[in-house]
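Asker: Encoded as structure tokens, here's the structure I'll be asking about.
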């Protein structure tokens, strides 16, 4: 790590540099990666909402005509964002602690509140994982909005479609649940979008247990709101009809971008829900208490109750 003027660099990636000193975090963002700055300028937070976020204390821009030795910055324009240091990342916390059900419930409750605020303003975080969740005491915060999606930030039709689909399908919510459920069982997750093996398992299992498949279909349909989404529902019905048919296409119009993206979402949800209700299908160790908790989340349409 580089130390400059008592600032210790703790992270570097194409989206910016992160430094810490005492109780302050400094994030330096290249001008061309200004999404996170736009996010903080665009989001509307009430006084109560702000308690759920690590809101920057100060943001300003600065340009350098030559290499800056203090922060190791190349020539160019940057945004400087100062914020209070709050606890440690969930990833670091879990190095020395086990993830227990009480933690899981609190993570879901706290972070889902943040998702609710974001989604009501048409924002998608788009980068939910344990490095981007902070734990301070018994509170959890979502950080790093460098990949945030919003209709105002979309530059192409593809980005607009993706933002609409992720918002509609509550992608952030399900991504968080996946990380929690598969913590220490990441090897069981689908790699490289290879659904062939798991689909064969679904065909084998659900063909022998048609009542379980009827139940799965009902759960899947419940988690999506198809009102005013006729194309989405048309694609969903085609997917449901063909998912247990060996070698059949799952898209009503293969090669059409919107349908291909929808099929990916439907497959992801089917995988997650089948893993919760039928963990033995993929040899997932999920004790009954945790299983019942996640079943409740799904059956309540992901609504968190205090």
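Asker: Being within 30 Å of residue 93 (Cβ to Cβ), in a helix (DSSP H, G or I) and without any contact (Cβ under 8 Å) to a residue 60 or more places away in the chain is the filter; apply it to region 184-214 and report the residue that is nearest to the chain's Cα centre (by Cα).
Answerer: Of everything passing the filter in region 184-214, 186 is nearest to the chain's Cα centre (by Cα).
Asker: I would also like to ask the following. Please note which helices (runs of 4 or more DSSP H) are completely contained in region 215-306 and include at least 2 residues that are at pLDDT 95 or above and over 26 Å from residue 100 (Cβ atoms). Walk me through it before giving the result.
Answerer: Values: elements: 230-242, 257-277, 288-299.
It comes to 230-242, 257-277.
Asker: Across region 23-46, what is the total count of residues that are outside any helix (DSSP H, G or I) and free of Cβ contacts under 8 Å to residues at least 12 places away in the same chain?
Answerer: Let us first name the residues in region 23-46 that are outside any helix (DSSP H, G or I), namely 23-30, 34, 43-46.
Next cut, free of Cβ contacts under 8 Å to residues at least 12 places away in the same chain only: 46.
Of the residues in region 23-46, 1 are outside any helix (DSSP H, G or I) and free of Cβ contacts under 8 Å to residues at least 12 places away in the same chain.
Asker: On the given criteria, is residue 27 surrounded by 16 or more Cβ atoms within 10 Å (Cβ to Cβ) and either closer than 23 Å to residue 131 by Cβ or touching a strand residue (DSSP E or B) at 6+ places or on another chain (Cβ under 6 Å) (or both)? Walk me through it before giving the result.
Answerer: Values: surrounded by 16 or more Cβ atoms within 10 Å (Cβ to Cβ): yes; either closer than 23 Å to residue 131 by Cβ or touching a strand residue (DSSP E or B) at 6+ places or on another chain (Cβ under 6 Å) (or both): yes.
The answer is yes for residue 27.
Asker: Since residue 126 meets every condition but one in (1) in contact (Cβ under 8 Å) with a residue 12 or more places away in the chain; (2) not assigned by TED's automatic domain parsing to the domain that holds residue 173, which condition does it not meet?
Answerer: Tallying (1) in contact (Cβ under 8 Å) with a residue 12 or more places away in the chain; (2) not assigned by TED's automatic domain parsing to the domain that holds residue 173, residue 126 fails exactly one: (2).
The values are calculated or read from the model by the stated rules, or taken from the named source; none is laboratory data. For clarity, every value in this text was computed on a predicted model and none was experimentally measured. Neighbour counts run over all protein chains shown; Cβ positions are idealised from the backbone, glycine included.
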